[in-house]
1. Which condition breaks for Leu224 when tested against (1) within 16 Å of the ligand (Cβ to nearest atom); (2) crowded, with 17+ Cβ neighbours inside 10 Å?
2. Test Asp63 against the criterion of being over 28 Å from Gly170 (Cα atoms), among the acidic types (Asp, Glu) and surrounded by fewer than 15 Cβ atoms within 10 Å (Cβ to Cβ), and give yes or no.
3. Any residue in segment 178-203 that is assigned by TED's automatic domain parsing to the domain that holds Thr214 and of a type in the set (Lys, Arg) sitting within a Cβ distance under 9 Å of a residue that is within 9 Å of the ligand (Cβ to nearest atom) and not in a helix (DSSP H, G or I)? List the pairs, counting only those 6 or more apart or interchain.
4. Name every residue in segment 141-167 that is within 16 Å of the ligand (Cβ to nearest atom) and assigned to a loop (DSSP other than H, G, I, E, B), in order of residue number.
5. Quickly run through segment 238-294 and pick out the residues that are surrounded by fewer than 21 Cβ atoms within 10 Å (Cβ to Cβ), of a type in the set (Gly, Ala, Ser) and assigned to a loop (DSSP other than H, G, I, E, B).
6. So, in segment 168-218, of the ones that are of a type in the set (Asp, Glu) and out of contact with any strand residue (DSSP E or B) (no Cβ under 8 Å at 6 or more places or on another chain), which residue ends up farthest from the ligand (Cβ to nearest atom)?
7. Of the conditions (1) of a type in the set (Gly, Ala, Ser); (2) within 17 Å of Val335 (Cα to Cα); (3) surrounded by 15 or more Cβ atoms within 10 Å (Cβ to Cβ); (4) in contact with a Gly (Cβ under 8 Å, 6 or more places away or on another chain), Ala85 clears all except one; give me its number.
Amino acid sequence: MRDGDLAIGVDVGGTKVAAGLVALRDERAEVMLRARGPVDPATNAGGIASITAVIDEVLGGLDAGRRARVKGIGVACAGNVDHVAGTLRRAANMAWVDLGIADALRKRYGVGARVENDVNAAAWGLATIPRPDAILPTNPTVAYLVVGTGIGAGVVDGGRILRGRVGSAGELGHLPGIAGAIDPAAGDVPCVCGARGCLEAVASGPALGAAARTRVEAGRAPGLLLAVGGDPSRIDATTVTIAAANGDPDALDLVAREGRFVALAIAVAFRAYDPHRVVLGGGVVAAGDVVVDAIHAGVAALAVRESHRLRDSRDWLEIEPPGADLGVLGGAALVLSPPA
Ligand SMILES: [Zn+2]
């Protein structure tokens, strides 16, 4: 990775696709010329067209000289990715099957193209793109943990993305029964993966909303009910975190519980990978200080000894800042510093 290098990073999500030109300048990465658009989930052709539409927009903003300096295009893609073939095998809520993203981009733009799972790509960007605010050794071990619609992690260790056999390493949201360590009843909650007691089943954004609705319907959270105008169906993770930030005791209790669950996922990452840094992102974490404070408190509660490194999570746990563009940066990092 050298100063002056340019790459295009693309972030393909469930509903939106974003692209940006990433430039390395003074040993830091800068995202310029952003473009955003909707994704067409109905057909493979529509999927490719939605991705090329945003890349076209970014490239359209470049003069010929800068365009010639673009080293390639890296795509961070939600779902199950074959990084060797450069295809998206499948993704939740999409009709795409074996979407040949890298081939299509190489043919259309005449530059190299790479595809990785979005969480893995973000972890790669965090480990390889220089950042003045995070001083890391060469080849750091970084775990990027996402708590949003689902819970998962991307891990980089020794200069490599930890993928496993089919690319599903780091699925910390689906360790059966683990939620029971925080709340015995949670250990029996069924999960989409078929197991019970996974953290994703009790601590994803939708699960937090569902836990709040259950409490309201049992008449145990009057402040929350008031906050949604008396309609429990309007309660979701966002209404809970807003009510907690406003001091509602029941919402604060739900957020504290959420913090303990997320802390458990962090502790698993800490124990499994011994990282220099854990970076936490996703919609639930983006809700702000009330959630972040609950997570730090949850981690401290798990570390039994005062001296344990796990306890001082403010030293090694980093919260993804809003608008950090980790998907776009991670996509570009695939090109600027290609992973094995
Ligand atoms: Zn599960």
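The values are calculated or read from the model by the stated rules, or taken from the named source; none is laboratory data. Computed from a prediction, not measured in an experiment: that's the story for all the values here. All Cβ positions, even for glycine, are placed from backbone atoms using ideal geometry, and neighbour counts span all protein chains on display.
1. (1)
2. Working: over 28 Å from Gly170 (Cα atoms): yes; among the acidic types (Asp, Glu): yes; surrounded by fewer than 15 Cβ atoms within 10 Å (Cβ to Cβ): yes.
The answer is yes for Asp63.
3. Cβ pairs passing all conditions: Arg196/Pro176; Arg196/Pro190.
4. Step one: list which residues in segment 141-167 are within 16 Å of the ligand (Cβ to nearest atom), which gives 145-153.
Those that are within 16 Å of the ligand (Cβ to nearest atom) and assigned to a loop (DSSP other than H, G, I, E, B): Gly148, Thr149, Gly150.
5. Gly247, Gly283, Gly288
6. Applying the first criterion (of a type in the set (Asp, Glu)) to segment 168-218 yields 171, 183, 188, 200, 217.
After this cut, where a residue has to be out of contact with any strand residue (DSSP E or B) (no Cβ under 8 Å at 6 or more places or on another chain) as well, the list is 183, 217.
Details: Asp183: 16, Glu217: 24 Å.
Taking the candidates together, the pick is Glu217.
7. Every condition holds for Ala85 apart from (3).
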